[in-house]
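K.L.:
My questions all concern the structure below.
All of the numbers you see were taken from the coordinates with simple rules; none came from a lab. It should be emphasised that the depicted structure is a prediction, and the values quoted were computed from it without experimental measurement. All Cβ positions, even for glycine, are placed from backbone atoms using ideal geometry, and neighbour counts span all protein chains on display.
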Amino acid sequence: MADAINLPSSVLFACTMNSIRSVMAEGILKKLHGDRIYVDSVGVRAGEQDGFMVEVMAEIDIDLSNHQSKTFATLEDTSFDMIISLSPEAQHSAVELTRWMSCEVVYWPTFDPDAIRGRREARLDGFRQIRDDIYQKIAAKFPPI
């Protein structure tokens, strides 16, 4: 069991477009520790909401249908204890933030869902795999109390 004292007070998830991976991560960590950790997500560029992401997150009772994409440039709060980047492009931007912000930067390479092709069910299965991979990483890094 994790001790709440060991949890960071704020975490930022970063990805390329803030439309799938970082949004999933934000929703999962909020579900696990939203009352203990301030959580946000951001992209290098703004993206459009993805219906597959919304659907697979709803399967685990996380509603992300109202998520609005944010970029590093539009981020309102820029003070985080930890930034977890999920794409190489976001990792570069996260490291750039450490020039003026003291925080831990962690890189979790995560499969790009834009590469998933095929029928609807095949795409949903791919999104579920990404969701489950992110969920496992978050649960390992920030174990439920």
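K.L.:
Would you calculate the convex hull of the Cα atoms in segment 1-142 and tell me its volume per residue in Å³?
P.N.:
Values: hull volume 14.5 nm³, N = 142.
Hull volume normalised by residue count: 102 Å³.
K.L.:
Going by C-beta contacts inside 10 Å, put MET17, MET101 in order with the fewest on the left.
P.N.:
Values: MET17 22, MET101 13.
Starting with the residue having the fewest Cβ neighbours, the order is MET101, MET17.
K.L.:
If the reach is capped at under 13 angstrom between alpha carbons, list the aspartates and glutamates near LYS137, excluding any in the same chain fewer than eight residues apart.
P.N.:
Partners found: GLU26.
K.L.:
Once amide H atoms are placed 1.01 Å from N in the peptide plane, what residues at a sequence separation of 5 or more from ILE84, or on another chain, have their amide H within under 5 Å of its amide H?
P.N.:
LEU12, PHE13, ALA14, VAL106
K.L.:
Could I ask something else about it? What value in Å³ per residue do you get for the convex hull of the alpha-carbon atoms in segment 30-87?
P.N.:
Each residue corresponds to 110 Å³ of Cα convex hull volume.
K.L.:
Using Cβ counts within 10 Å as a stand-in for footprinting exposure, how do TRP108, TRP100 rank, fewest first?
P.N.:
Details: TRP108 17, TRP100 7.
Lowest to highest Cβ neighbour count: TRP100, TRP108.
K.L.:
Hey, got a sec? Which GluC sites (Glu not before Pro) in segment 37-119 land in a DSSP loop and have at most 16 other Cβ atoms within 10 Å? Walk me through the intermediate numbers first.
P.N.:
Numbers: sites: GLU48, GLU55, GLU59, GLU76, GLU89, GLU96, GLU104; in loops: GLU48, GLU59, GLU76.
Here the GluC sites (Glu not before Pro) that fit, given the DSSP loop and packing criteria, are GLU48, GLU59, GLU76.
K.L.:
Can you sort ASP133, ASP40, ASP63 by how many other beta carbons sit within 10 Å, fewest first? Kindly include the intermediate steps, with their values, before the conclusion.
P.N.:
Details: ASP133 15, ASP40 20, ASP63 10.
Starting with the residue having the fewest Cβ neighbours, the order is ASP63, ASP133, ASP40.
K.L.:
Using the Karplus equation 6.51 cos²θ - 1.76 cosθ + 1.60 (θ = phi - 60°), what ³J(HN,Hα) coupling, rounded to whole Hz, does each residue of segment 95-101 give in order, writing x for Gly and Pro?
P.N.:
So the J values, rounded to whole Hz, are 5, 4, 5, 6, 5, 10, 10.
K.L.:
For segment 102-108, what does the Karplus curve 6.51 cos²θ - 1.76 cosθ + 1.60, with θ = phi - 60°, yield as ³J(HN,Hα) per residue in whole Hz, taken in order and with x for Gly and Pro?
P.N.:
Values per residue, Gly and Pro as x: 8, 7, 7, 10, 10, 10, 10 Hz.
K.L.:
Which ³J(HN,Hα) values in Hz, rounded to whole numbers, follow from the phi angles of segment 129-134 under the Karplus curve 6.51 cos²θ - 1.76 cosθ + 1.60, where θ = phi - 60° and Gly and Pro get x?
P.N.:
Couplings: 4, 5, 4, 5, 5, 5 Hz.
K.L.:
Please compute the Kirkwood hydrodynamic radius of segment 66-145 from all pairs of different C-alpha atoms, in Å with one decimal.
P.N.:
Working: mean 1/r = 0.0681 Å⁻¹.
Answer for segment 66-145: a Kirkwood hydrodynamic radius of 14.7 Å.
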